[in-house]
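Participant: Let me begin by handing over the structure; questions about it come next.
The values are calculated or read from the model by the stated rules, or taken from the named source; none is laboratory data. It should be emphasised that the depicted structure is a prediction, and the values quoted were computed from it without experimental measurement. Methodologically, a virtual Cβ is constructed for each residue, glycine included, from the backbone with ideal geometry; neighbour enumeration extends over all protein chains shown.
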Number of protein chains: 2
Amino acid sequence: MILALAGGVGGARLARGLAAVLPPEKLSIIVNTGDDFEHLGFLVCPDLDTVCYTLAGVNNLAQGWGLAGESWAFMDAIGKLGGETWFNLGDRDLATHATRRAMLGSNSLSAITAHIAGKLGIAHPIAPMSDDPVRSIVDTDEGELAFQHYFVRRRAEPRFRSIRFDGAEAARPSPALLASLEDPALEAVILCPSNPVLSIAPILALPEVRARLEALGAPIVAVSPFIGGQAIKGPAAKIMAEIGIATTPAGLAGYYGGLLDGIVIDRADAGSEAGSAALHATDTLMRNSDDQKRLASETLAFARSLR
Amino acid sequence: MILALAGGVGGARLARGLAAVLPPEKLSIIVNTGDDFEHLGFLVCPDLDTVCYTLAGVNNLAQGWGLAGESWAFMDAIGKLGGETWFNLGDRDLATHATRRAMLGSNSLSAITAHIAGKLGIAHPIAPMSDDPVRSIVDTDEGELAFQHYFVRRRAEPRFRSIRFDGAEAARPSPALLASLEDPALEAVILCPSNPVLSIAPILALPEVRARLEALGAPIVAVSPFIGGQAIKGPAAKIMAEIGIATTPAGLAGYYGGLLDGIVIDRADAGSEAGSAALHATDTLMRNSDDQKRLASETLAFARSLR
């Protein structure tokens, strides 16, 4: 059994690779919900949807988020009605948000996510990190901003000072996350190449999750989201610089504070050191499904070598 | 000051005609909300939206409901997610429902309707009959059905026995409806050519509305929705037959129980009698805006002749 913790685009790509090389009963994908938010009356769960759409193969490759073949008539009409247009909700994507909101009264976010993933044809289990709301709040030089207001509305332009995860102390880890952490058959935990501060930290902020990971017999391996000392996507690089975490294997290991047994790094970073964490260098940029599969296989082999 | 009570398509067309010949401060359009319903997490207000879209000139003429140039990506995606597809919500139309639902917590339906109508460029005031929920429930040979379930989902196929307006006794007439009824300058009340049982009766079921209309000094004139003894649209004819109301001027006058001072009827029904109600025969089918305007002018002149 492999537990994968994932956030946005990079995390979703590795999760798809893992799903391509592991049967559904051997993989549990747990997704960050810290960047979820209420918008235009919907509950929008960007990371859950990115992971689901990517695993279903219906994600928009050019755009990097949302659905392929999306249309925007709703947003156009919202604009004409004087509504908020800074966060794009596609016509098809809206069906996901409407389904989720309509089900929320009588279903957990875990159950709703399983329903949506099933309808998208995904065989592997995908679950939120928690069924309780956790909201990432970024403290900036313009004051505190809800995550999407900081990240999308203000395009990550305000200076990032710190982040907190509202509700995390009271939130229970989701049943799927708890079950994986307690599974005696757990072989490894993979931290997907998602932004450690924005996407992985909210999961680690849930009660007992960090403590259970620290006490775990199985190896914990992160796939570095950095290549050649750079974050792959623009805002992440700026944020990491503002946070003061070096975009290197050592910076990553330091940020996770000794949690990692190993890090899969890019060849461009070969020769680095990262404290007590073992390193495995390979090509980490995932351009297509072959890249995803190969990186997933190598990561699993590396993790198993650390047992 | 003219008060117009309106329901669906026919009512919306005459309301548009009235708006074309009266300045905004001389017309109050009050719309049935008995066929409103909660669907996929939205509050759908079919009659309010039909009236607003028609007055804004953005209604879909071919379809008879919804917006011109509509697209259906959302419905397609809802179907793929296993959601309910029996009630069509267009991508652009959804922006109206989402805006309404997002505003509902802190705004009355009257305020929301005024906001949406304003954004659509409508100068004339349009208001719901009440800010409180009223829900038409149809008793049929298949049991009681919420109105849209009867009308759209079951295509009005079950045999109509009776209709009740859930919540009507506790609902307050909207501020705009009360203000019109109390306005000393009120010259006439026009019952637009909407289905009397489905669209006008819910308005009359509100506390005091019927009593105030009966006590009114100004004339009350209905524009008949029947032509040549037939209801213009299919389901209405079937429903009227099942209710046992003759689709004639006399049937209409009888249904309203002496409330009407006059009825505008189609030339095809000229020569009819309708108890104490005066009759004015003209062409009542509204194919275009010229028809709407002419019928509105004739109706106003006829009403003024009854003062």
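Participant: From (1) in a helix (DSSP H, G or I); (2) among the aliphatic types (A, V, I, L, M); (3) surrounded by fewer than 16 Cβ atoms within 10 Å (Cβ to Cβ), pick out the condition that doesn't hold for B:Ala170.
Facilitator: (1)
Participant: Next question, about the same structure. Please enumerate the residues belonging to the stretch A:268-307 that are surrounded by fewer than 18 Cβ atoms within 10 Å (Cβ to Cβ), hydroxyl-bearing (Ser, Thr, Tyr) and within 14 Å of A:Phe226 (Cα to Cα).
Facilitator: A:Thr282
Participant: So A:Ala188 passes all but one of these: (1) without any contact (Cβ under 8 Å) to a residue 12 or more places away in the chain; (2) within 17 Å of A:Leu14 (Cα to Cα). Which condition number does it fail?
Facilitator: Here A:Ala188 clears every test but (1).
Participant: Now a separate question. Restricting to the stretch A:59-70, name every residue that is within 13 Å of chain B (Cβ to nearest Cβ) and surrounded by fewer than 17 Cβ atoms within 10 Å (Cβ to Cβ).
Facilitator: Quick first cut of the stretch A:59-70, residues within 13 Å of chain B (Cβ to nearest Cβ) only: A:66-70.
Residues satisfying the conditions are A:Ala68, A:Gly69.
Participant: A further question follows. Pairs please, first residue from the stretch A:201-219 and surrounded by fewer than 16 Cβ atoms within 10 Å (Cβ to Cβ), second anywhere and basic (Lys, Arg), Cβ atoms under 9 Å, 6+ apart in sequence or on different chains.
Facilitator: A:Pro207/A:Arg172; A:Gly217/A:Arg307
Participant: For the stretch B:108-132, name all the residues that are buried (at least 17 other Cβ atoms within 10 Å of the Cβ), more than 9 Å from every other protein chain (Cβ to nearest Cβ) and part of a loop (DSSP other than H, G, I, E, B).
Facilitator: B:Ser108, B:Ile122, B:His124, B:Pro125, B:Met129, B:Asp131, B:Asp132, listed by residue number.
Participant: Tell me yes or no: at least one residue of the stretch A:231-249 is among the β-branched types (Val, Ile, Thr), closer than 24 Å to A:Leu55 by Cβ and either in a loop (DSSP other than H, G, I, E, B) or in contact with a Lys or Arg (Cβ under 7 Å, 6 or more places away or on another chain) (or both). Before the answer, list the steps.
Facilitator: So in the stretch A:231-249, the residues among the β-branched types (Val, Ile, Thr) come out as A:232, A:239, A:243, A:245, A:247-248.
Filter once more, so that each one left must be closer than 24 Å to A:Leu55 by Cβ: A:232.
Keeping just the survivors that are either in a loop (DSSP other than H, G, I, E, B) or in contact with a Lys or Arg (Cβ under 7 Å, 6 or more places away or on another chain) (or both) gives A:232.
Yes - at least one qualifying residue is present in the stretch A:231-249.
Participant: Looking at (1) touching a residue at least 60 places away in the same chain (Cβ under 8 Å); (2) in a loop (DSSP other than H, G, I, E, B), which is the only condition B:Leu198 fails?
Facilitator: Against the list (1) touching a residue at least 60 places away in the same chain (Cβ under 8 Å); (2) in a loop (DSSP other than H, G, I, E, B), B:Leu198 comes up short only on (2).
Participant: Since B:Gly257 meets every condition but one in (1) within 23 Å of B:Thr140 (Cα to Cα); (2) part of a loop (DSSP other than H, G, I, E, B); (3) without any contact (Cβ under 8 Å) to a residue 12 or more places away in the chain, which condition does it not meet?
Facilitator: (1)
Participant: Next up: Looking at (1) under 30 Å from B:Met103 (Cβ atoms); (2) surrounded by 22 or more Cβ atoms within 10 Å (Cβ to Cβ), which is the only condition A:Ala12 fails?
Facilitator: (1)
Participant: What pairs come out if I take residues in the stretch B:288-303 that are over 17 Å from B:Val58 (Cα atoms) and in contact (Cβ under 8 Å) with a residue 24 or more places away in the chain and pair them with residues that are basic (Lys, Arg) and buried (at least 17 other Cβ atoms within 10 Å of the Cβ) whose C-beta lies under 9 Å away, six or more apart or interchain?
Facilitator: B:Asp291/B:Arg13; B:Lys293/B:Arg16; B:Leu295/B:Arg13; B:Ala296/B:Arg16
Participant: Give just the number: which of (1) farther than 26 Å from A:Pro196 by Cβ; (2) surrounded by fewer than 16 Cβ atoms within 10 Å (Cβ to Cβ) does A:Phe42 not satisfy?
Facilitator: Result: A:Phe42 passes all but (2).
Participant: Continuing with the same structure: What is the residue count in the stretch A:44-86 for residues that are closer than 23 Å to B:Val58 by Cβ and part of a helix (DSSP H, G or I)?
Facilitator: Going through the stretch A:44-86, the residues closer than 23 Å to B:Val58 by Cβ turn out to be A:71-85.
Of the ones still in play, those that are also part of a helix (DSSP H, G or I) are A:73-80.
Total satisfying the criteria: 8.
Participant: Going through A:Ala156, A:Ala201 one at a time, which residue ends up being at pLDDT 95 or above and more than 30 Å from B:Gly79 (Cβ to Cβ)?
Facilitator: Of the residues listed, the single one that is at pLDDT 95 or above and more than 30 Å from B:Gly79 (Cβ to Cβ) is A:Ala201.
Participant: Against the condition over 13 Å from the mean Cα position of the chain (by Cα) and either outside any loop (DSSP other than H, G, I, E, B) or within 26 Å of A:Ala218 (Cα to Cα) (or both), how does A:Ala98 come out, does it pass? Step through it out loud before you land on a result.
Facilitator: Details: over 13 Å from the mean Cα position of the chain (by Cα): yes; either outside any loop (DSSP other than H, G, I, E, B) or within 26 Å of A:Ala218 (Cα to Cα) (or both): yes.
Against the criterion (over 13 Å from the mean Cα position of the chain (by Cα) and either outside any loop (DSSP other than H, G, I, E, B) or within 26 Å of A:Ala218 (Cα to Cα) (or both)), A:Ala98 qualifies.
Participant: If you scan the stretch A:11-38, which residues turn out to be within 10 Å of the chain's Cα centre (by Cα) and of a type in the set (Gly, Ala, Ser)?
Facilitator: Across the stretch A:11-38, the qualifying residues are A:Gly11, A:Ala12, A:Ala15, A:Gly34.
Participant: Continuing with this model, one more query. Could you tell me which of the residues A:Phe37, A:Phe42 is closer than 24 Å to A:Gly105 by Cβ and without any contact (Cβ under 8 Å) to a residue 60 or more places away in the chain?
Facilitator: Working: A:Phe37 fails: without any contact (Cβ under 8 Å) to a residue 60 or more places away in the chain.
Only one candidate qualifies: A:Phe42.
Participant: With respect to B:Asp76, is the statement that it is more than 16 Å from the chain's Cα centre (by Cα) and among the acidic types (Asp, Glu) true?
Facilitator: On the way: more than 16 Å from the chain's Cα centre (by Cα): yes; among the acidic types (Asp, Glu): yes.
It is true that B:Asp76 is more than 16 Å from the chain's Cα centre (by Cα) and among the acidic types (Asp, Glu).
Participant: Can you list residue pairs whose Cβ atoms sit under 9 Å apart, with the first residue in the stretch B:80-107 being farther than 19 Å from B:Ala127 by Cα and at the interface with chain A (Cβ under 7 Å from one of its Cβ atoms) and the second being polar (S, T, N, Q) and not in a helix (DSSP H, G or I)? Count only pairs 6 or more apart in sequence or on different chains.
Facilitator: Within 9 Å, the pairs are B:Asp91/A:Ser71; B:Asp91/B:Ser71; B:Arg92/B:Ser71.
Participant: For the stretch A:133-165, name all the residues that are crowded, with 16+ Cβ neighbours inside 10 Å, more than 17 Å from the chain's Cα centre (by Cα) and not aliphatic (A, V, I, L, M).
Facilitator: Those that are crowded, with 16+ Cβ neighbours inside 10 Å, more than 17 Å from the chain's Cα centre (by Cα) and not aliphatic (A, V, I, L, M): A:Asp139, A:Thr140, A:His149, A:Tyr150, A:Pro158, A:Phe160.
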